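Encoded as structure tokens, the structure appears first; notes follow it.
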Amino acid sequence: MKEIQQFFPQMGQDMSIIPVVQSGDDVKFDESKLPDALPVLALRNAVLMPGTIFPITIGREMSRLLIEDAYKHKNFIGAVPQLDAAVEEPRVEDLYKYGTVARILNTIEMPDGTITAILQGLRRFEVLSITRYDPYMMGLVHYLQDRDADPNDPDIAIMASSIKEKATLALRMGQFAPKEAAEAMRKIDDFNFLVNFVGTSIEVENFTDKMELLQWSDIKTRGMKLLKMLDTQIELLKIKQDINNKVKAEIDQQQREYYLNNQLKTIQEELGMDDQSEFTELRMRAADKDWPDTVAYAFEKEMAKLERFNPNSPDYSVQYNFIDFLLNLPWGKNDMSRDNLDLAHAQKVLDNDHFGLEKVKERIIEYLAVLKLKGNMKSPILCLWGPPGVGKTSLGKSIAKALGREYQRISLGGMHDESEIRGHRKTYIGALPGRVLNAINKAGTVNPVIVLDEIDKIGSDFKGDPSSALLEVLDPEQNSAFHDNYLDIDYDLSNVLFIATANDVSTIQPALRDRMEMINVTGYLAEEKYQIARKFLLPKQLEEHGLKRGAIKLDKTALETIISDYTSESGVRGLEKQIAKLCRVVAKKTAMNEPFEPTVKVGQLKEYLGLPISNFDRQAGNEAVGVVTGLAWTQVGGAILFVETSISEGKGNLSMTGSLGDVMKESATIAYQYIKAHPAVAGMTAEEFAKKDVHIHVPEGATPKDGPSAGITLVTSIVSALRGKQVRSGIAMTGEMTLRGKVLPVGGIKEKILAAKRAGVNTIVICEENRKDIEDIPAKYVKGMAFHYVNTISDVLDFVF
């Protein structure tokens, strides 16, 4: 043995080294001992050529018996390639007609229970027939003699060099070629053995070409066929390598996953594991949707993306959630709730849930009436504005109940990100739809009632201006094609009844305010509060505190005292808190089995509610020289304020205190300058006035105050102090004044009237141009009140002194 190479890795500690490159002397054998019948070993995906050594893994039981028997008795075997490797029990028609007689050099027991047999090929043969199949195949063979190549033939050296070069290249380009094979091949000098060694060792795509090498007796011809086979294999490997390089260079992650997913799908189909139930379910849900063609097209497009994704990738869940949202979202008439067009029923529901609020109820009934006559109408966009606690938000729920629609509420207070309205684009991690579409999705219908709560408290910063985004939502001409960034499909909002609520309309963007139908929800009279407390608040709090209906009753005088002495507000939120406090005390007494009177009277209020609140909002006790009662409007409703003026000797200076805003300071300056220009109104000369210092103070200095409506109040207060004469009792006033002494109209009249009634005022001095506002107010609000209309400051002073 001239040359030895370790081609196969060591498979066990006791395994002997097998030479795979050897001289012709190493394969000599006694040809006379070759039998006519051989045990036939069917090889799967392998060809054994004469003179080569090759390991074969034995898995089939009949092959195992054959190897054990032949190795034990040192018999020759016939190694024949199998045409179809998938056949488990091959017959004669499943075998190639040529094979190689071989001897078993060694057998190795593998850990998995299989046997690896080391075979040495000796001579080719042709299979004549198979004589038996049990326990293994036996066949009659005809031995074939190889015609060795002429060593003096100049073509042989060239062919040998080409075979080595091409085989080395094929081995290097292949994925599973052992590194030792190329080195072993370079050291082979024998052309005959080179052809057989390469024919055995090389892996090719077309196994038939490899099997056909056995049929050629002439080694030179076999070498030419081998070169052709190597050329074909190298070209195939180059194409595969080019494809791999292009794929690595050009396809992105998504295309890679698409490719792998297709491979996975093919494998699953082969294994019977292909499960399309999830996609089928989505498509079945889509088939029931009454949506536009554009949405149907978008759905199919998104489904195609989903099917390309690997189910284990994060993008799959993102895409699935989007499609699920698309399917959950209501579309078309099938997802529209049917309106209850019974006007009497709607009126009854609204009256049962809320006391008063006639304008809002009237507007809803009008909408229902038109809807009943026409059958189809764009929903109105209403804005209910007024002080807190008057029932604006809860009214939205009552409207939904009256119409028979779903109800959703969106709180806009403090919102400063435009994406809260329009949603985020799907490309962002954690993207979500906007609050509007999310509310519709929760409602499950295309025509819910959506309350946009606290629309006047929207903020804005570098993230955008949500109030500008609402322009599209609340515009009847645009919202039929509302575009949400997450959905990225136009959505029709024209069937949604939007009801916005606000306290201060001055902070709402003008363009947004112009798109809404503004309805002023004013505060309640004491009489209305009494009815609300008796019919709504007390029964509600009894139920919430686990008390039986009628467990306690409020005496009429006691309830009126709670309204007047324990609360000071336009709404009823504070009143409800006081009733809740009373119920808690009763609940405690009930739980502890303490006796209590079922009817609460005035004398018991101190026990239940404590002392009355310190209320500065009363005119009684505040009549004095230089003190005048003014009327103001705030976000929480109407209020009265007292303007106090003191006069001292000095140099004609004006000073102001009481947290006055710039506008109110300007009003005070105008009042001072008017009296300075007309000192006769104060009963003094210019020289006398010039020696007086005027100090104006508005009590409750911690509370900021601003606005022009205290103009006439400031003038009257200064004149009263200068004259040393107090104004008539029971009078309050509101109105802006000019430097010429003209009185201008102001707003918030109804709220100011309610504040005046709470304060015990019975006469109001107001601008003549505000007469129309007074006439528009229901008679019950102005009952017991007298109004004196003025045009100039002279009219004011003539009346109050």
Within segment 449-484, how many residues are of a type in the set (S, T, N, Q) and touching a residue at least 40 places away in the same chain (Cβ under 8 Å)? 3
Condition (residue is outside any helix (DSSP H, G or I), open to solvent by 10 Å² or more (accessible area, probe 1.4 Å) and either closer than 30 Å to ALA755 by Cα or of a type in the set (D, E, K, R) (or both)) applied to segment 361-378: is it met by at least one residue? yes
Would you check which residues across segment 85-111 are open to solvent by 70 Å² or more (accessible area, probe 1.4 Å) and assigned to a loop (DSSP other than H, G, I, E, B) and list them? ALA86, GLU88, GLU89, ARG91, LYS97, PRO111
Restricting to segment 209-229, name every residue that is in a helix (DSSP H, G or I) and open to solvent by 40 Å² or more (accessible area, probe 1.4 Å). ASP209, GLU212, GLN215, LYS220, THR221, MET224, LYS225, LYS228
Pick from segment 242-251 the residues that are modelled with pLDDT under 75 and open to solvent by less than 80 Å² (accessible area, probe 1.4 Å): which of them is farthest from the chain's Cα centre (by Cα)? VAL247
Cβ-Cβ under 6 Å pairs, at least 6 apart or on other chains, segment 774-801 side more than 21 Å from ARG740 (Cβ to Cβ) and open to solvent by less than 50 Å² (accessible area, probe 1.4 Å), far side part of a helix (DSSP H, G or I) and among the basic types (Lys, Arg): ILE777/LYS750
Of (1) more than 21 Å from PRO330 (Cα to Cα); (2) open to solvent by 50 Å² or more (accessible area, probe 1.4 Å), GLY459 satisfies every one except (2)
Could you list, in sequence order, the residues of segment 184-242 that are under 15 Å from ASP155 (Cα atoms) and polar (S, T, N, Q)? ASN192, THR221
Could we say that LYS187 is out of contact with any helix residue (DSSP H, G or I) (no Cβ under 8 Å at 6 or more places or on another chain) and among the basic types (Lys, Arg) here? yes
Verdict on SER667 being closer than 27 Å to GLU751 by Cβ, in contact with a Pro (Cβ under 6 Å, 6 or more places away or on another chain) and not charged (D, E, K, R): yes
Just wondering, is there one or more residues in segment 134-154 that are within 28 Å of MET229 (Cα to Cα), charged (D, E, K, R), open to solvent by 20 Å² or more (accessible area, probe 1.4 Å) and part of a strand (DSSP E or B)? yes
Which residues, taken from segment 687-709, are surrounded by 12 or more Cβ atoms within 10 Å (Cβ to Cβ) and of a type in the set (Gly, Ala, Ser)? ALA690, GLY701, GLY707, SER709
Contact list, first residue from segment 547-575 and in contact (Cβ under 8 Å) with a residue 40 or more places away in the chain and over 24 Å from THR522 (Cα atoms), second anywhere and open to solvent by 20 Å² or more (accessible area, probe 1.4 Å) and aromatic (Phe, Trp, Tyr), beta-carbon distance below 9 Å, six or more apart or interchain, is ILE552/PHE596
With (1) in contact with a Phe, Trp or Tyr (Cβ under 8 Å, 6 or more places away or on another chain); (2) of a type in the set (Gly, Ala, Ser); (3) buried (at least 22 other Cβ atoms within 10 Å of the Cβ) as the list, and ALA481 as the residue in question, which single condition is left unmet? (3)
Any chance you could count how many residues in segment 557-588 are open to solvent by less than 30 Å² (accessible area, probe 1.4 Å) and over 23 Å from GLU751 (Cα atoms)? 7
Look through LEU537, LEU493, LEU547, LEU525 and report the one residue that is of a type in the set (A, V, I, L, M, F, W, C), open to solvent by less than 70 Å² (accessible area, probe 1.4 Å) and under 30 Å from LEU432 (Cα atoms). LEU493
Picking from THR734, THR738, which residue would you name as being of a type outside the set (A, V, I, L, M, F, W, C), in contact with a Cys (Cβ under 9 Å, 6 or more places away or on another chain) and touching a residue at least 60 places away in the same chain (Cβ under 8 Å)? THR734
From the residues in segment 410-434 that are aliphatic (A, V, I, L, M) and open to solvent by less than 40 Å² (accessible area, probe 1.4 Å), which one is modelled with the highest pLDDT? ILE410
Taking the criterion of being among the polar types (S, T, N, Q) and part of a loop (DSSP other than H, G, I, E, B), would at least one residue in segment 682-694 satisfy it? yes
Residue in segment 319-334 that is at pLDDT below 80 and either at negative phi or open to solvent by 80 Å² or more (accessible area, probe 1.4 Å) (or both) present: yes
Among the residues listed as ALA732, ALA755, ALA721, ALA759, the single one being open to solvent by less than 10 Å² (accessible area, probe 1.4 Å), touching a strand residue (DSSP E or B) at 6+ places or on another chain (Cβ under 9 Å) and at pLDDT 85 or above: ALA732
Could you run through segment 648-676 and say how many residues are touching a residue at least 60 places away in the same chain (Cβ under 8 Å) and either closer than 19 Å to ALA756 by Cα or open to solvent by 60 Å² or more (accessible area, probe 1.4 Å) (or both)? 1
What about LEU487, is it assigned to a loop (DSSP other than H, G, I, E, B), in contact (Cβ under 8 Å) with a residue 60 or more places away in the chain and buried (at least 20 other Cβ atoms within 10 Å of the Cβ)? yes
Filtering segment 405-429 for residues that are more than 24 Å from ASP488 (Cβ to Cβ) and in contact (Cβ under 8 Å) with a residue 60 or more places away in the chain leaves a count of 2
Tally up the residues in segment 39-84 that are open to solvent by 60 Å² or more (accessible area, probe 1.4 Å), basic (Lys, Arg) and assigned to a helix (DSSP H, G or I), please. 1
Taking PHE322 as meeting all but one of (1) assigned to a helix (DSSP H, G or I); (2) out of contact with any Asp or Glu (no Cβ under 8 Å at 6 or more places or on another chain); (3) in contact (Cβ under 8 Å) with a residue 40 or more places away in the chain, write down the number of the exception. (2)
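The values are calculated or read from the model by the stated rules, or taken from the named source; none is laboratory data. Predicted, not measured: the structure shown is a model, and the values here were computed from it. Glycine gets a Cβ as well: all are built from the backbone with ideal geometry, and neighbour counts include every protein chain shown. Just the protein is used for accessible areas: all its heavy atoms, side chains included, with ligands, DNA and RNA removed. Shrake-Rupley method; radii C 1.70, N 1.55, O 1.52, S 1.80 Å.
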